[in-house]
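Below: the structure, in structure tokens.
The values are calculated or read from the model by the stated rules, or taken from the named source; none is laboratory data. In this text, all values refer to a predicted model and were calculated from it rather than measured experimentally. Every residue, glycine as well, gets a Cβ built from its backbone with ideal geometry; the counts of neighbours run over all protein chains shown. Accessible surface areas use protein heavy atoms only, side chains included; no ligands, DNA or RNA. Shrake-Rupley method; radii C 1.70, N 1.55, O 1.52, S 1.80 Å.
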Amino acid sequence: MADQSFVTLATNDSYVKGALVLGSSLRNYRTTRRLTVLITPHVSDPMRKVLEKVFDEVKLVDVLDSGDVAHLALLKRPELGVTLTKLHCWGLTEYSKCVFMDADTMVLSNIDELFEREELSAAPDPGWPDCFNSGVFVYRPSIETFNQLLQLATEKGSFDGGDQGLLNTFFSNWATADISKHLPFIYNLSSISIYSYLPAFKAQTSPSSDRFGTNAKVVHFLGRLKPWNYTYDSKAKSVKDAQDPTVVHPEFLNMWWDSFVTNVLPLLQQHGAIKDTATGVKAEEAAEAVSNLSLSSTALPHSPPSPPPMSSEERKERWEQGQADYMGADSFDNIKKKLDAYLQ
Ligand code: UDP
Ligand code: MN
């Protein structure tokens, strides 16, 4: 299967950590396809060496060097930098078919069967299911498609400022045309869906197994906080802040970290990519900011009237029952505001 490949992208050393966990997870489940990672010049040399250990091909892409159309697109739409870089996956014409996966995904089983699907196959986005989520998709490399996508980016931009908006505009009949291009949710299971549909998710776990979410094939750590932003206690085999609503069920985060510590950390140490066993990025504080999120929303502007205060335990219970207060205390806006305030 030398003409088919899994493809991911990392434009900096933080996302390289994600790419390495993804790559090792694909290897651990014995994929028969090739592994390709696209990188940009910001990725450091030691990290490139480590990537070469896990991936068959490490391809340097630079939008500015990649021909007139790409150059023009970027000059007109500088905000689409990373998005345009992701489009380079269509330039891998040595392959007849590829599966693109975000660097913040990891596989929990062999998923080679995805290569039986056609362009463009993807799973519904949990936030807007008439759109597909662009974290995992099957596609056919083609310079023609690449140029058409760049042209669309230049002329129209992207409705969400990222690749997902652009790709959904380009493959606009995805929602209605061909159901075989709808991948089941388990190929792109985002943390968001786990919390929104927790009862369904729990019901999926087979009674004979105590493992959480046994049917999931790909987990996607979509959103602002990535696994590498947490602090991991390797003795306890657990991320530190379990109060954080997004880590009410830290099982997948812990799996990511377990894979990082077992498969990736030794390579990083061997190649001098990190100085000690520290993870490099510490956003313990950011995680804390989420966990300390105020229960009452009165202090935050533009919020609906505050509900009666609720204890942390009570609130956790509600999350677990799928009854998050999405319009109030648990609204994305509130979480974002708190994080923004904290990060400033
Ligand atoms: N990416 C990257 N560098 C960045 C941002 C994104 O390499 O600074 C790549 C990476 O592969 C990442 C993908 O683009 O997984 C999409 O971004 P992200 O996963 O952060 O978006 P989300 O899935 O949270 O919407
Ligand atoms: Mn992602």
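Among residues of segment 96-125 that are aromatic (Phe, Trp, Tyr), those with a Cβ under 7 angstrom from a residue that is open to solvent by 20 Å² or more (accessible area, probe 1.4 Å), sequence gap 6+ or separate chain, pair up as Phe115/Gln4; Phe115/Arg33. Does Ala19 qualify as being more than 11 Å from ligand 1 (Cβ to nearest atom), in contact with a helix residue (DSSP H, G or I) (Cβ under 9 Å, 6 or more places away or on another chain) and either assigned to a helix (DSSP H, G or I) or modelled with pLDDT under 95 (or both)? No.
The listed residues are Asp62, Asp102, Asp45, and the only one of them that is near ligand 1 (Cβ under 10 Å from one of its atoms) and charged (D, E, K, R) turns out to be Asp102. Restricting to segment 66-89, name every residue that is more than 19 Å from Asp102 (Cα to Cα) and either at pLDDT 90 or above or in contact with a helix residue (DSSP H, G or I) (Cβ under 8 Å, 6 or more places away or on another chain) (or both). Matches in segment 66-89: Ser66, Val69, Ala70, His71, Leu72, Ala73, Leu74, Lys76, Arg77. Restricting Gly161, Gly127 to residues that are within 21 Å of Tyr15 (Cβ to Cβ) and either open to solvent by 20 Å² or more (accessible area, probe 1.4 Å) or in contact with a His (Cβ under 9 Å, 6 or more places away or on another chain) (or both) narrows the list to Gly161.
Quick one: count up the residues across segment 22-42 that are within 16 Å of ligand 1 (Cβ to nearest atom) and not hydrophobic (A, V, I, L, M, F, W, C). So the count comes out to 7. Only residues that are within 13 Å of ligand 1 (Cβ to nearest atom), touching a residue at least 60 places away in the same chain (Cβ under 8 Å) and part of a helix (DSSP H, G or I) were counted in segment 147-192, giving 4. Residues in segment 73-106 that are among the aromatic types (Phe, Trp, Tyr) and more than 16 Å from ligand 2 (Cβ to nearest atom) were compared, and the one that is surrounded by the fewest Cβ atoms within 10 Å (Cβ to Cβ) is Tyr95. Within segment 27-46, the residues that satisfy the criterion of being in contact (Cβ under 8 Å) with a residue 24 or more places away in the chain and open to solvent by 10 Å² or more (accessible area, probe 1.4 Å) are Arg27, Asn28, Tyr29, Arg30, Thr31, Thr32, Arg33, Arg34, Thr40, His42, Ser44, Pro46. The condition of being out of contact with any strand residue (DSSP E or B) (no Cβ under 9 Å at 6 or more places or on another chain), buried (at least 17 other Cβ atoms within 10 Å of the Cβ) and at pLDDT 85 or above holds for only one of Leu222, Leu265, that being Leu265.
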